[in-house]
Amino acid sequence: MSGFVEKPEPVQVPGLVHVHTGKVRDLYRNAAGDLVMVASDRMSAYDWVLPNGIPDKGRILTRLSLWWFDLLADTVPNHVLSAEVPEGAPADWEGRTLVCRDLRMLPVECVARGYLTGSGLQEYRRDRTVCGLALPEGLVDGSELPAPVFTPATKAEVGEHDENVPYEEVARRVGPELAALLRQTTLAVYGRARDVARERGIILADTKFEFGLDPETAEGGEPRLVIADEVLTPDSSRFWPADTWEPGRPQPSFDKQYVRDWLSSPASGWDRSGDTPPPALPDEVVERTRAKYVEAYERLTGTPWS
C-alpha cells in the first residue's frame, strides 16, 4: 500500500476545472482549453507523498524548469504558454504556476543515464545490463557510462512505482518511428544539459523527461514532439557535485536523497516493507533538503534564490 498520507483537497478557482492531483503538481483546465499546472511543496519518496513538504520547493522547481526550457528552446520545443497566475487564484500560486499547451501525452518516462546508479545499478549487478542494454564489466556505483543510454520506463499512478522497460516495449506502445524520435530527442537534451551542468561544477547523472504531441502546431501534417511537465530539476534528475565525485560509493546529491536516507534510517522508525504510512519529516531534514534544492538552483542558474 502507498500513495498520499493525506490527500489534499483541490483548490476551487473560478474559471478553472480541476483535472488531476499528482504527487507534486495539481492540474486544472482553463476556459481556453489550456492546462494550468501548479507545483506544490509536496515531497514524494518511496511511492508515498509525505505528510509534510519542503517550503518553496514548488517555486524552485518551476523557476528552474523555466530556466531550462528557455535554454533548450533551440533543441526541443516546450509546452509553456505563460507563467501568469489565473485571475482569482490564491496568492500562493505566484511563482509556481505554468499555463501550458494541452498535449497528447505519451505513455513513457524518457530516461537518459550517463552514470550508473539507482535502479540501473541494481540491474547491472544482476545481469550486466540496464533496461536490457549490455554494459561492460567492471562498472561500480557512480561509474560514468561509455556513452549515455536511453532507458525508458512506464508512467506510474500515485502510489505505484515506475517500471523500467526495454526499448522494444516503447516501440510497441507508440510505434517504431516515434520511439526512435523519443530516444534521439531524449539523448540530445540530456547531452546539452549535461554539458551545461558540467560547466557549473555539477554532474547530471541521469534525468527523466515527459513528451507529448501537439497537433495544433503540426508541421508537414505531423504532430510536433514537445517536452512537457518539469525538466532537469532535483525532482526529476540526479545532480552530483563534480568536485566530490568518486565511483565506488553513493554520491552526495542535490535532490531528495537526504529525505530517502532519513526515511530508510532507524531514526525514522518506519518499516518500508509494511503498510504503515511514512512519518512526517523532522525540521532538520526539511531545512537541509530545502538547502539542497536552493543550492542546485543557484549553482545551475548562477543567480541567487530569493
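The values are calculated or read from the model by the stated rules, or taken from the named source; none is laboratory data. As the structure is a computational prediction, the values presented were derived from the model and not from experiment. Here Cβ is always computed from backbone atoms with ideal geometry, including for glycine, and neighbour counts include all displayed protein chains. These area figures cover heavy atoms from the full protein model, side chains too; ligands, DNA and RNA do not enter into them. Shrake-Rupley method; radii C 1.70, N 1.55, O 1.52, S 1.80 Å.
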Taking region 49-81 and keeping only residues that are farther than 12 Å from A228 by Cα, of a type in the set (A, V, I, L, M) and open to solvent by less than 30 Å² (accessible area, probe 1.4 Å), one is left with V49, L50, I54, I60, L61, L64, L72
When S65 is run through (1) under 29 Å from R183 (Cβ atoms); (2) part of a loop (DSSP other than H, G, I, E, B); (3) among the small types (G, A, S), the failure sits at (2)
Checked region 81-101 for anything farther than 21 Å from G302 by Cβ and aliphatic (A, V, I, L, M); matches are L81, V85, A89, A91, L98, V99
Exception for Y46 within (1) open to solvent by less than 50 Å² (accessible area, probe 1.4 Å); (2) in contact (Cβ under 8 Å) with a residue 60 or more places away in the chain falls at (1)
Expected output for region 177-188 (first residue open to solvent by less than 30 Å² (accessible area, probe 1.4 Å), partner among the hydrophobic types (A, V, I, L, M, F, W, C) and in a helix (DSSP H, G or I), Cβ below 7 Å, 6+ apart or cross-chain) is A179/V170; A179/A171; L182/V170
Residues of region 76-131 being under 20 Å from the mean Cα position of the chain (by Cα), modelled with pLDDT of 95 or more and among the polar types (S, T, N, Q), in sequence order, are N78, T97
Only unsatisfied item for V170, checking (1) crowded, with 17+ Cβ neighbours inside 10 Å; (2) β-branched (V, I, T); (3) under 18 Å from R238 (Cβ atoms); (4) out of contact with any strand residue (DSSP E or B) (no Cβ under 7 Å at 6 or more places or on another chain), is (3)
Residue hits (region 207-260; modelled with pLDDT under 90 and either open to solvent by 40 Å² or more (accessible area, probe 1.4 Å) or β-branched (V, I, T) (or both)) are P215, E216, T217, A218, E219, G220, G221, E222, P223, Q257, Y258
Restricted to region 4-27 and to residues being touching a residue at least 24 places away in the same chain (Cβ under 8 Å) and farther than 29 Å from D283 by Cβ, the residue surrounded by the fewest Cβ atoms within 10 Å (Cβ to Cβ) is P14
